[in-house]
């Protein structure tokens with residue numbers, strides 16, 4: 001997801017340069033208030049008994065989208081395997097959308113609604129380990145997204161020629177804003193068919209590969225897109241517009257990767273120029289993270305009427321064909337204007353979000369921390385290690401340290417927006433501690449290999465990094481993910497010795513750190529107790545190595 005620069009009040013020094021941006025910041029201040037949780041939050045955010053008994057295997061979302069009426073109607077056929085027979089199934093669909101029927105094996109099943117949840121009464125003869133199909137019919141006018149992609153829902157716009165320009169975006173609020181599903185990240189379908197009927201003057205672009213287009217009497221057409229890999233709910237998307245299309249083939253690590261581009265008709269020429277960054281992105285990220293995770297489904301970049309999102313194999317784009325974040329360098333280093341932020345950031349999510357996916361949104365830093373870090377690795381690959389370091393350390397100006405990066409579990413609530421740049425600077429710090437770039441690259445590639453197409457927890461990622469770096473990182477994770485304080489290295493010169501310790505840290509914090517004395521690098525191993533190191537004849541100002549996200553305090 002694009003960095004939440006204004007949603008969370010995370011404002012870089014000098015970034016507010018116009019009244020619209022000031023207003024964008026001010027309108028978001030209420031979102032900083034402490035969250036209050038209710039029954040609906042728990043139903044959405046936890047693995048309820050009505051979810052736990054069945055394993056999702058396949059969806060066929062078959063819908064008609066009417067831009068004139070701003071209405072969706074159709075059905076979702078849910079294929080599932082019984083883990084243990086139960087009496088009720090939870091299906092999520094948020095008002096004003098409504099389920100109109102539930103059918104299985106020719107039988108109509110009764111259901112009742114509880115806010116954003118429907119409970120389907122299941123047949124009594126369900127068999128363990130057997131696969132069934134449940135067809136959910138539904139209809140309604142879904143909620144309009146007021147400020148997509150941060151405020152979820154449907155965007156109903158028109159292009160400059162007056163044609164409908166429609167798109168979905170729903171991370172956080174959930175896919176159940178516009179289609180009925182098992183709306184929790186822990187369980188993904190193994191594959192999915194997305195069939196979308198639209199006016200035949202328009203085109204629908206969704207995830208995966210286009211299987212066919214059916215023309216209908218009455219002036220509509222149905223686009224059938226098949227996703228052959230597991231996909232998370234919010235990654236499913238519908239994009240409708242007067243699109244033109246071109247494609248190319250990228251010779252990647254896993255063979256030939258088809259890359260397809262869909263943009264509004266009037267933007268074709270500038271899109272062809274701007275989208276030349278896609279092969280550069282793939283080259284850098286396959287180097288750092290391993291093969292693109294969805295060769296079978298291809299890679300698409302699709303223009304939409306909002307900033308952009310990481311929809312799997314159908315990355316959406318609205319950065320106005322400019323480098324930076326709408327033309328702004330979020331790092332203040334100058335390197336942020338060397339690339340199109342949305343192309344690089346949202347495509348980075350193909351590895352961290354779509355390949356490796358959090359089980360609970362409380363662990364959203366796994367998506368955003370690694371992907372914000374991918375921006376720096378892109379710079380590193382194409383412009384050098386010093387440039388990448390300048391970019392990532394420059395983003396520290398955006399960190400607020402307002403609340404922990406990890407949110408509360410089981411209530412569909414993420415942590416602080418610091419998950420982006422505090423997360424990326426924590427990873428950059430770990431790279432500095434390791435001090436072995438090739439080994440670090442193998443760790444990042446190993447994550448995408450060993451957690452390929454899986455949902456994960458923070459604890460699993462922590463254990464993996466600890467094991468494969470060989471570093472003691474337990475307290476590092478506690479400090480940067482679960483605490484709001486910046487570690488402070490206290491130092492004091494005592495003749496030919498340096499006295500030092502950690503302060504402002506969690507109990508037991510013992511992260512190594514490097515300082516520079518007159519151009520010479522020294523590695524210290526502080527704890528919360530005072531230690532001494534002989535400096536000998538070394539004189540001059542003591543500085544922190546800037547690759548470590550810590551502060552220095554001299555006594």
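Derivation of every value follows stated rules applied to the coordinates shown; laboratory data play no part. Remember, it's a predicted structure, so these values are computed and weren't measured experimentally. Ideal geometry is used to build each Cβ from the backbone, glycine not excepted, and the neighbour counts take in all protein chains shown.
Quick notes on this one:
- Model label points for residue 105 and residue 77, set 7 angstrom from Cα along the Cα-to-Cβ axis, are 1.7 nm apart.
- Residue list for region 450-486, given a label point 7 angstrom along the Cα-to-Cβ vector of residue 553 and an amide N cut-off under 15 Å: 484-486
- Projected label distance in nm at residue 268 and residue 36, using a 7 Å step from Cα toward the beta-carbon: 5.4 nm
- The equivalent ellipsoid of region 48-320 has semi-axes of 32, 22, 16 Å, largest first, where each one is the square root of 5 times an eigenvalue of the Cα gyration tensor.
- Translational diffusion coefficient (Stokes-Einstein; Kirkwood radius from C-alpha pairs) of region 433-500 at 25 °C, 0.890 mPa s, in µm²/s: 169 µm²/s
- Taking the convex hull of Cα positions in the chain, its mean projected area over all directions (nm²): 26.6 nm²
- For region 407-431 versus region 294-318, the inter-centroid distance based on Cα atoms is 24 Å.
- Convex hull volume per residue for region 192-290, taking Cα atoms only, in Å³: 117 Å³
- Calculated log₁₀ intensity ratio I(q)/I(0) where the Debye formula runs over C-alpha points of region 488-554, q = 0.12, 0.19, 0.23 Å⁻¹: -0.26, -0.68, -1.00
- Cα shape, region 360-418, gyration tensor, a/c 1.5 rule: oblate
- Over all distinct Cα-Cα pairs of region 429-555, the Kirkwood formula returns a hydrodynamic radius of 16.0 Å.
- Between residue 201 and residue 321, the FRET efficiency estimated from the beta carbon spacing at R0 = 25 angstrom works out to 0.55.
- The stretch between residue 121 and residue 449 holds 114.1 nm of extra length on full extension. This uses 0.36 nm per residue minus the Cα-Cα distance.
- Kirkwood hydrodynamic radius of region 118-189, Cα pairs, Å: 15.1 Å
- Packing rank of 247-255, 48-56, 425-433, where each peptide gets the mean count of other beta carbons within 10 Å, highest leading: 425-433, 48-56, 247-255
- Legend: translational diffusion of region 285-410 by Stokes-Einstein, Rh = Kirkwood radius over C-alpha pairs, 10 °C, 1.306 mPa s; D = 104 µm²/s.
- Convex hull of region 87-242 built on C-alpha atoms - directionally averaged projected area, nm²: 10.8 nm²
- Stretchable slack from residue 112 to residue 215, in nm (0.36 nm times residue separation minus alpha-carbon distance): 33.4 nm
- A convex hull fitted around the alpha carbon atoms of region 154-198 yields 98 Å³ per residue.
- Over the residues of the chain, the helix contribution to mean residue ellipticity at 222 nm works out to -6500 deg cm²/dmol, using -39500 (n - 2.57) for each DSSP H run of at least 4.
- The separation of region 494-527 from region 373-398, counted between C-alpha centres, amounts to 25 Å.
- Calculated FRET efficiency for the pair residue 474/residue 521, C-beta based, R₀ 30 Å, to 0.05: 0.75
- Region 167-214 and region 68-118: distance between their alpha carbon centers, rounded to Å: 16 Å
- Cα point-scatterer Debye curve for region 247-354, base-10 log of I(q)/I(0) at q = 0.10, 0.12 Å⁻¹: -0.26, -0.37
- Against the compact-protein benchmark of 2.2 N^0.38 Å, the Cα-based radius of gyration of region 293-332 scales to 1.36.
- Label-to-label distance for residue 466 and residue 147 is 3.9 nm, based on points extended 7 Å past Cα in the beta-carbon direction.
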